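Reading through the structure tokens given below for one structure.
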């Protein structure tokens, strides 16, 4: 045996260094809150999947899934879409149909057909639902009797847990006491209103309808009744918003007595009124990401110091009534039954979207077909990925959730996060700092990319 051969046998192989990119780790910065990433990678983390199925395959897949009772206990929710608004807000690119009473009544009758057919399926009846969310659009533009009827049908047709959260989304404008009472009678126990800002000037620029005083008066009336959970959305980065007006928004939120509040960053997409105003020179500029990051810190610090309970990187509860259950389920991979034109859901490891336009959605219902515009498999790791997205949304990824081996495997990434001011790492978990919470979507996508680029050895 030669000496050179003996030498090579004694050398221990070294593990290759994992692939780490700036999109995964963020970048070194004196202010990671503002500059760790160049921008938010997407509105939501973990999106994507396999190529879409052909139409006939999607039909068969849904028939098979809906026809099979679920035996394993798991979280599930219902999402119902109401694609109507009276006014298109300047920041919104989801506007689809103006709120016409005749069109809305026609839609509502078809919606009940969609709901009843899906509710009757063995899959739907086999396990109770944990949450129901009526979103849009502006669902509060429905009539009082439509709102009551929708809630009553959902409770009659679907098995719901005793503590099921049933949310009606909308705007405060024209949501009068009669609508509120009929919604309560229909079983709604949570209301989520898109306030965005209390500041009258900021609201007018955003095409919002009521002034600050009207909003505060109505919210105080709703919360004083103690009849349901009341939550609102605030948005930071809007045109004409300042640190002073944002501070007043935060103070008004506490004064209103609401049970919960979301702080959402303005993401300016093509096709919005804001983008058109920028393009034609009616609006000089918008806050950039570093400026919006400072407003996030201002909001988070204020709400935390006021004693609110932080439920996620963007949601706070001021009372125990607020659970934000639907949002938490949707972000952590719970199965979602989708009803209505433009609704999206996922069941059995498959995600699907219903047609955004009413006509093809209605045509499919009339033909006794499932109204599906697109369906795709979510991938083999969809449950793991959903857990990661949900954990990042709530501010920490634990070794227990990720699995001890995978957690150790990801330590090079977690260490980079810590070095860049985005997280704190210990033996049991990696906890996002305030900066990491602001970049929560990037962090989740970065961890998913790391695990895909650096798979564990079999």
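Looking at segment 67-331 only, what percent of DSSP beta bridges run antiparallel? Nearest 5 please.
Looking only at bridges with both residues in segment 67-331, the antiparallel portion is about 15 percent.
Report for the chain the percent antiparallel among DSSP-assigned beta bridges with both residues inside it, nearest 5.
Expressed as a percentage, antiparallel bridges in the chain total about 35.
So for 288, 199, fewest C-beta neighbours within 10 Å to most, what's the order?
Ranked by crowding around the Cβ, least crowded first: 288, 199.
How high is the relative contact order of segment 374-458, in percent, counting Cα pairs under 8 Å that sit 6 or more residues apart? Intermediate values should be presented prior to the final figure.
Working: 79 pairs, mean separation 27.0, N = 85.
Normalised by residue count, the contact order of segment 374-458 is 32 percent.
Mean separation of Cα pairs under 8 Å and 6+ residues apart, divided by the residue count of segment 67-331: what relative contact order is that in percent?
It comes to 18 percent, rounded to a whole number.
Applying 1/(1 + (r/R0)^6) with R0 = 22 Å to the Cβ-Cβ distance of residue 431 and residue 161, what FRET efficiency is obtained, to the nearest 0.05?
Values: r = 31 Å, r/R0 = 1.40.
So, using R0 = 22 Å, E works out to roughly 0.10.
Based only on other Cβ atoms within 10 Å, what is the fewest-to-most ordering of 414, 188, 53? Please report the intermediate quantities before stating the final value.
Numbers: 414 22, 188 26, 53 19.
Listing 414, 188, 53 from fewest to most nearby Cβ atoms yields 53, 414, 188.
Over the chain, what relative contact order in percent results from Cα pairs under 8 Å that are six or more residues apart? Write out the running numbers ahead of the final one.
On the way: 797 pairs, mean separation 97.2, N = 458.
The normalised contact order for the chain reaches 21 percent.
For segment 67-331, what ratio Rg/Rh do Cα atoms give with a Kirkwood hydrodynamic radius?
0.97
Give me the one-decimal Kirkwood hydrodynamic radius in Å for the chain, with the sum taken over alpha-carbon pairs.
23.8
Working from Cα positions, state the angle (0 to 90°, nearest 10) between the long axis of helix 55-66 and the longest principal axis of the chain.
Helix 55-66 sits at roughly 80 degrees to that axis.
Round to the nearest 10 and give me the degree value, 0 to 90, for the angle of helix 440-453's Cα axis relative to the longest principal axis of the chain.
For helix 440-453, the angle is close to 40 degrees.
How do 350-357, 54-61 rank on mean C-beta neighbours within 10 Å, highest first?
Peptide ranking by packing, descending: 350-357, 54-61.
Could you state the angle between the C-alpha long axis of helix 243-256 and the longest principal axis of the C-alpha atoms of the chain, as a value from 0 to 90 degrees rounded to the nearest 10?
60
Read-outs throughout are calculated quantities, based only on the coordinates presented, and are distinct from any laboratory measurement. What you see is a predicted model, and the numbers here were worked out from it, not measured in a lab. Here the Cβ is made from the backbone with ideal geometry for all residues, glycine too, and neighbour counts use every protein chain on show.
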